[in-house]
Each structure stands twice: as structure tokens, then as C-alpha cells.
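The values are calculated or read from the model by the stated rules, or taken from the named source; none is laboratory data. From a predicted model like this one, the values you see are computed outputs, not experimental measurements. Each accessible area value is taken on the protein alone, full model and side chains, heavy atoms only, with ligands, DNA and RNA left out. Shrake-Rupley method; radii C 1.70, N 1.55, O 1.52, S 1.80 Å.
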Amino acid sequence: VCLGVPIGSFGVKIKGSPGAVVAAALAAFAHQLSSVFERERLQDRLQHYTDRLEVLNEFNQLIASGIQLSKMTRMIARESAYRFSADVAFCALLTEAGDELDLQGAYGCPSNAFPALLSVSDSLLSHSVRLGGIMSVPDLEHKDDPTLQFLRAMGITCIHCCTVEVLGETLGAIILGFRAVTFLDEDESAMFEEFAQGAAVAIGNARTRE
């Protein structure tokens, strides 16, 4: 128990009934164990909130800098790759027709390694773009999706895609690619969504200025 909340249990096997001294020692050990566990958990939570604050600060600086949309998307791709340790990353914006993604920002691959436009009408990406949130494909090499063939050609075997939207309007998506199967835990998924929300605000402001 830590801070009045049960967090687990441990057991010991002894011969006979434990005396008062043994019982007191076990109680002290249980308290120490719970304190160590809670300290680690609080440190992880603090790091998570610190990372979230850094993301928001970075986007606030981007918005205030007044850079062009094309440079903005490249910076978003680079920062997303850095934040989530991705091998490649793309910041893609929906075209006016809404049926294709324009890969304006890319990081981790040469410009001739990916197409300029990706169809979302018959692609795995349509799920994320149309429904919002995060879409994960940990087994990309087993998916028959010609739209994403360029990723498999780079050796990418796993992708995570998050919708970029603001005020209910879908602007595009951020795509993270990994050469090894990579899963996002609960904190990382929450941070990915917040990163995409910050990107949406920055992109919206850049479009307004242009």
C-alpha cells in the first residue's frame, strides 16, 4: 500500500508462525517496496508530462516564427521521427479533393524514394484519415496495399499513423515508419495524438498566413 492505495502484494514462505519481530520486518519491507514502486511510477509520469510540455512549446515556437507551410511540414516530420524514434516520418496533407495525401514533409529518406501523392480511397491510411485517431499496422510486409509499397521497399515493416485535424476538419496525417516491429504504449499513444493536434494548429496558422 502506498498513499493509502493498494498497488500489489508479495508473499513469503516460512516455517511455523511468524513472530512479532518477523511480522514487523515484513511490514517494513512491504512499505519500502511500495514506496520504491510509487517513486518509479511518479518519475515516469513526470517525464511524460515534461515531454508533452516540450512538444507544446516547440509548436508554439513554430507558430510564432511564421515559417512557410512547406518548411513547417518538413520540421513536423523531423520532430515526429525524433520524438518517437522512427526510422522514417512523413507529414502528409489532404488535397482539396480530399482523396489523396500530399507528402509535403518527409524525414529519414531521399525525396525520390516516395511518391508525391498517396491515395486514401483504397488504402490502409483511409481508416486513420476518415475515422481519426491512431492507426497501427505492425505487420506491413503482410499487407497487400500497393499504395504503401514504397515503404516496404525501404525496409519499413511497421507504421503508426495519426490524423492531423483541427476544429473537426481533417488536414492530413503524420506517418511514422519503423524497420522493426514497434508498439506504442498508452503514454506514447497519448503523446502522438497531442503531437498531431499541435501540428494541426501550426499547419492551420501557416495556411492562414499564406
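Side notes on the structure shown:
- Remark: the stretch 119-210 carries 46 Å² of accessible area per residue (probe radius 1.4 Å; ligands, DNA and RNA excluded).
- From the alpha carbon centroid of the stretch 76-140 to that of the stretch 174-210 is 10 Å.
- nm² value of the averaged projected area, convex hull over the Cα atoms of the chain: 16.3
- GNM top mover of V36, V181, V88 - the chain, alpha-carbon springs below 10 Å: V36
- Within a Gaussian network of the chain (alpha carbon springs, distance under 10 Å), most fluctuating of T73, T50, T157: T50
- Taking the chain as a Gaussian network of alpha-carbon nodes connected by springs under 10 Å, the highest mean-square fluctuation of the residues G108, G19, G132 belongs to G19.
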